[in-house]
Amino acid sequence: MPALSGSLVALVTPFRPDGGLDEPALKTLVRRQLAEGTDGIVPCGTTGEGATLSEAETDRVVSLVVQEVDGRIPVVAGAGSNDTRVAVARAKRMKELGADAVLSVAPYYNKPTQQGLYEHFRTIAEDCGIPVVVYNVPGRTASNILPETMVRLADLPNIVAVKEASGNLVQIMEILSGAPGFTVLSGDDALTLPMLLLGAKGVISVVANEAPGLMHELVRAGLEGDWAVARELHFKLLPLMQANFLESNPIPVKGAVALLGLITETYRLPLVSPSQKTRNELQRLLYVLGLLKPEGEE
C-alpha cells in the first residue's frame with residue numbers, strides 16, 4: 001500500500017436535512033481535499049460520526065470516497081469495534097470496498113488488559129487481510145494502549161501505523177524510540193508540530209476539514225525540516241485547532257464546514273448543533289484565516 005504520511009483528513013460525514021447521507025456533498029468534500037493537497041482520507045472515524053452510521057451507510061461512504069479518490073491517495077476506512085470478531089468482519093468489508101487500510105480503535109467500554117489489547121489487534125491484523133492503523137484515544141475508550149504494548153504490535157507485519165491521540169508526549173516518545181521506523185501519526189492537531197520534530201510521519205487531522213491546504217503545508221514543511229514555516233503555520237492554525245474542541249468533536253468542525261457552505265449542518269443524535277457562542281468563535285476564526293469572506297466580498 002502507499003506509505004502513510006503527511007496530512008490525512010478525518011473526514012466529516014455530510015447528512016441531508018432529513019438525516020440521510022448527502023452523497024453529492026460527500027463527493028464535493030473529497031474533491032476539495034484532493035485539490036488542496038491532502039495526503040490521505042480517513043472516512044467513518046470519530047469525526048465522521050462512524051458510531052452512528054449503519055453498516056450500509058458506512059459501506060456507501062467508503063465506496064464513494066474510494067471512487068472519488070481513484071487511487072491518487074490512500075483511503076483509511078474506520079472499521080473498529082470493541083468486539084474483536086466484529087472488527088475483523090468490518091475490516092474485511094473495507095478491503096472488499098477498495099480501502100487501502102483500516103483505522104481500528106482500541107476496544108471501548110470493555111477495558112481490556114494490555115495483553116487483551118495486544119491479542120485484539122493481533123487477531124485483526126492476522127485475519128482481516130488489509131493493513132491496520134491502530135487508533136489509541138483513551139479519552140473516548142477508557143483503554144490506553146501503553147508504549148510497551150504498541151511496540152509489540154509494531155512488530156506485526158500487517159500493523160502499519162498508529163494514530164496516537166493519548167495527548168501524552170512522553171508516551172509518544174517511548175513509542176518512537178521503542179519502534180524506530182514505525183509510522184506514528186498524530187491524533188491531535190495541536191500536537192502535530194512537536195510530534196513531527198520527534199519523528200512522527202504526519203497527522204490524521206480534524207482541522208484539515210476546514211483548512212486542508214494549510215494543514216498539508218504545515219506537515220510538509222515539518223517533514224522537510226523547514227521548521228520556521230511549520231511553526232508559523234502551526235501558530236496560525238492553533239486557535240482553530242483549539243476551537244474544534246470547544247464542544248465534543250465533530251460538533252464544532254461540522255459547524256465550521258457548514259459555515260463554509262460545503263455541507264448542511266445536520267448531526268446524528270446524541271450529537272447536537274454547537275452553541276451560538278461556539279458558532280460565533282468558529283466564524284470569527286474562519287474570517288481571520290481568510291477561509292470565509294465577509295458578506296458582499298468575492
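What follows is calculated from the coordinates using simple rules that are stated; it is not laboratory data. Just so we're clear, the structure is a prediction, and the values are computed from it rather than from any experiment. So basically every Cβ, Gly included, is an ideal-geometry build from the backbone, and we count neighbours across all protein chains shown.
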Discussion item. Given contacts defined as C-alpha pairs under 8 Å and at least six residues apart, what's the relative contact order of the chain, whole-number percent?
Written reply: 18 percent
Practice prompt. Post the alpha-carbon centroid distance, region 185-218 to region 118-136, in whole angstrom.
Written response: 24 Å
Discussion item. If I take every Cα pair under 8 Å that is 6 or more residues apart in region 140-298, average their sequence separation and divide by the length, what percent do I get for the relative contact order?
Written reply: 14 percent
Worksheet item: With a ≥ b ≥ c the root eigenvalues of the C-alpha gyration tensor of region 141-181, is it rounded (a/c under 1.5), prolate (a/b larger than b/c) or oblate?
Response: oblate
Worksheet item: For LEU146, LEU240, what ranking results if the residue with the fewest other Cβ atoms within 10 Å of its Cβ goes first?
Response: LEU146, LEU240
Item to complete: In vacuum, with every alpha carbon of region 106-176 counted as one equal point scatterer, what does the Debye formula give for log10 I(q)/I(0) at q = 0.13, 0.17, 0.18, 0.25 Å⁻¹? Two decimals, please.
Response: -0.32, -0.56, -0.63, -1.21
Discussion item. Taking θ = phi - 60°, what integer Hz values does the Karplus form 6.51 cos²θ - 1.76 cosθ + 1.60 yield along region 33-41, in sequence order, with x for Gly and Pro?
Written reply: 4, 4, 5, 9, x, 4, 8, x, 10
Worksheet item: In a GNM of the chain with a 10 Å cut-off on Cα contacts, which of VAL272, VAL75, VAL162 has the highest mean-square fluctuation?
Response: VAL272
Item to complete: Equivalent ellipsoid semi-axes for the chain, as square roots of 5 times the alpha carbon gyration tensor eigenvalues: give them largest first, rounded to whole Å.
Response: 28, 23, 18
Worksheet item: Rounded, prolate or oblate: which fits region 1-83, taking a ≥ b ≥ c as square roots of the Cα gyration tensor eigenvalues, rounded meaning a/c under 1.5, else prolate when a/b beats b/c?
Response: oblate
Discussion item. Students often check this: by mean Cβ neighbours within 10 Å, which of 252-258, 105-111 ranks highest, and how do the rest follow?
Written reply: 252-258, 105-111
Worksheet item: In sequence order, what are the phi-derived ³J(HN,Hα) couplings for region 197-214 according to the Karplus relation 6.51 cos²θ - 1.76 cosθ + 1.60 with θ = phi - 60°, rounded to whole Hz, with x for glycine and proline?
Response: 4, 7, x, 5, 9, x, 8, 9, 10, 7, 5, 5, 5, 8, 10, x, x, 5
Worksheet item: So how do LEU289, LEU103, LEU97 line up by other beta-carbon neighbours within 10 Å, fewest first?
Response: LEU289, LEU97, LEU103
Worksheet item: When the helix-only estimate is applied to the chain (DSSP H runs of n ≥ 4, each -39,500 (n - 2.57), divided by the residue count), what is the mean residue ellipticity at 222 nm, nearest 500 deg cm²/dmol?
Response: -14000 deg cm²/dmol
Worksheet, complete the sentence: Calc'd 3J(HN,Hα), region 65-73, phi into Karplus 6.51 cos²θ - 1.76 cosθ + 1.60 (θ = phi - 60°), Hz, glycine/Pro = x, comes to 5, 4, 5, 5, 5, 6, x, 6, 9
Fill in: Separation of alpha-carbon centers, region 45-80 and region 154-169, rounded to whole Å
20 Å
